Structure formats: C-alpha cells, structure tokens
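Coordinate-derived values only; no laboratory data. Computed from a prediction, not measured in an experiment: that's the story for all the values here. Cβ sites come from the backbone with ideal geometry, for glycine too, and all protein chains shown count toward neighbours.
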Amino acid sequence: MNRFHKLFTYLCSQQITGQRQRLSLVAPNLLHMIGTVINTACIIAGTIAGAILHKGIKEKYKSMLYTGLGLASLAIGLNATISHFSKSQYPVLFIVAIALGGIVGTRLDLDGRFSRAVNNLSKGNNGNNLAQGLGTAILLYCIGPLSMLGPVISALKGDNTFLYTNATLDLVSSTVFASTYGIGMLLAAPVLFCWQGIFYAVTLYSSSAISDGLMAELLIVGGLLIVASGLSLLNLKDCKTLNFLPALIVPVIWYVVVAIVQ
C-alpha cells in the first residue's frame with residue numbers, strides 16, 4: 001500500500017512539473033502579444049474619443065475630413081506599393097493577384113454584402129458611409145509594414161516596438177475616422193486583433209513561413225487596395241475595394257505552391 005502511495009505521489013508530482021514547464025514556455029509567448037492588445041485598445045480609445053467629437057462637427061468640416069482621409073490613403077497606399085517593388089521576386093504576381101482576386105470578389109459580391117451588413121447594423125442611418133469608412137480603416141490599420149511585420153518580430157524576438165509605434169498612429173487615425181463616421185468604427189478593432197494574431201500564430205508555429213518575399217508581395221497588393229479606398233473617399237472612382245480582398249490570398253497560394261514544387 002505504501003509503495004502504491006509513493007508511486008501515485010511521484011506520478012502526480014511529475015505531471016504538475018510538466019504542466020509548469022509547459023506554462024513557462026507558453027506564458028512568455030502570450031505576453032509578447034501585449035503589443036497587439038495595446039494596438040487594439042488604442043483603436044477602441046481613439047474611436048470612442050472621435051465618436052464624442054462626431055456630434056459637434058459641422059458638415060463642411062466632415063467633408064474636409066473625408067478629403068483628408070482620401071489623400072492620406074493615396075499617399076500611404078502608393079508608398080507601400082512603390083517602396084516594395086524592388087523587393088518583389090515575381091514582378092507580375094501583383095497583377096495576377098489583383099485580376100484573380102477581383103474576379104473572385106466580384107463573383108462573391110464581397111463589397112455589396114459588407115455594405116448591406118453594415119447598413120443593417122446601423123439600421124439604415126448613414127450605413128453606406130459607415131461601410132466605406134470601415135473598409136478604408138480596416139485596410140489602413142491592417143495593411144502596412146508596422147502592422148504586418150510587428151507581430152512577426154514580436155513572436156520571434158519579443159520586441160513590440162513596431163506594434164507600439166503602430167498603436168500610436170492608429171490612435172490618431174481612429175479618432176479622425178470616428179469623428180467622421182461615428183462609433184460604428186469600433187468594428188475595425190477586432191479585425192485588427194485577428195489579423196495581427198494570425199501573423200503572430202503562424203510565425204510562432206513556423207518562423208520561416210512568412211518570408212521577406214511574401215511580405216513584400218502582400219504589401220504591394222495591400223498598398224493598391226488602400227489606393228483604391230482613397231479614390232473612393234475622394235469620389236473619383238468607386239473601386240468597390242472589398243471585392244479585391246481575395247487578391248491578398250493569391251501571393252500566399254503562390255508561395256505555398258513554389259515551396260511544394262521546390
């Protein structure tokens with residue numbers, strides 16, 4: 001009986017030790033995501049602050065903010081695309097991605113479905129403008145070197161500098177967005193969290209899964225989507241930007257296929 005008791009005690013102690021070791025490995029990795037948590041919190045805080053200002057802004061100033069956001073989108077999008085052309089290993093991949101992604105997105109009517117869903121959530125109160133604002137904000141928050149490289153560096157090195165910088169920028173931009181489109185812009189926060197969480201999880205699972213080449217292709221395509229949003233905000237061309245979202249999947253599929261073939 002004493003032997004059985006000693007054996008049982010030993011097994012329990014080993015199990016507890018194993019659990020502690022696993023927790024010690026997981027805990028630091030979870031703490032690394034504090035950058036993404038803070039980034040998301042900044043968007044929420046900025047949106048609330050902007051929504052408070054929203055009611056006191058006259059229509060002519062709102063129109064000015066629309067124009068400012070459109071111009072900023074053009075600048076950010078063009079910079080993301082042009083600055084990464086030299087890093088692309090497949091110069092025509094972004095063209096194929098935009099073409100195929102646009103066809104798939106149009107077939108699925110992503111832009112129309114999104115607008116109708118937001119319109120239902122806003123109960124018909126300026127729903128179309130909110131959908132346009134959400135689409136632009138989500139792209140600006142998610143597509144960029146800081147937002148995409150930040151989680152990768154966080155997972156590999158535990159360095160959240162990129163994410164903290166991105167959080168500061170998003171705090172300002174979310175305030176401007178919410179002052180123009182209202183409290184509904186809060187819906188962009190969980191999208192950012194999931195987006196950065198995907199990059200973090202994939203990098204944590206396989207540090208070589210997201211190569212510099214793939215990152216460059218995603219930024220080129222994403223930059224074009226931001227430019228399209230800018231054109232829509234300026235009322236120059238309704239590009240139905242969300243219909244092009246599947247274009248972001250094309251470079252991923254291409255790099256997976258190349259990796260399998262090689």
> Taking a point 7 angstrom from the Cα of Lys237 along the C-beta vector, which residues in region 133-151 have backbone N less than 20 Å away?
Replying inline: 133, 135-137, 139-140
>> Run the numbers for Ser211 and Ala117: contour at 0.36 nm per residue of separation, minus the present Cα-Cα distance, in nm.
In response: 30.3 nm
> What nm value, rounded to one decimal, do you get for the distance between Leu108 and Ile95 when each label is placed 7 Å out toward the C-beta?
Replying inline: 2.5 nm
> If you project the alpha carbons of region 28-261 onto the principal axes, what extent comes out on each, in Å, largest first?
Replying inline: 56, 41, 30
> Gain in length, Cys194 to Asp159, computed as 0.36 nm per residue apart minus the alpha-carbon separation, to one decimal in nm?
Replying inline: 10.7 nm
>> Testing the spin-label approximation: label points 7 Å from Cα along Cα→Cβ at Ser83 and Ile253. State their distance in nm.
In response: 3.0 nm
> Sorted by mean Cβ packing within 10 Å, highest first, what order do the peptides 216-227, 160-171, 75-86, 235-246 take?
Replying inline: 216-227, 160-171, 235-246, 75-86
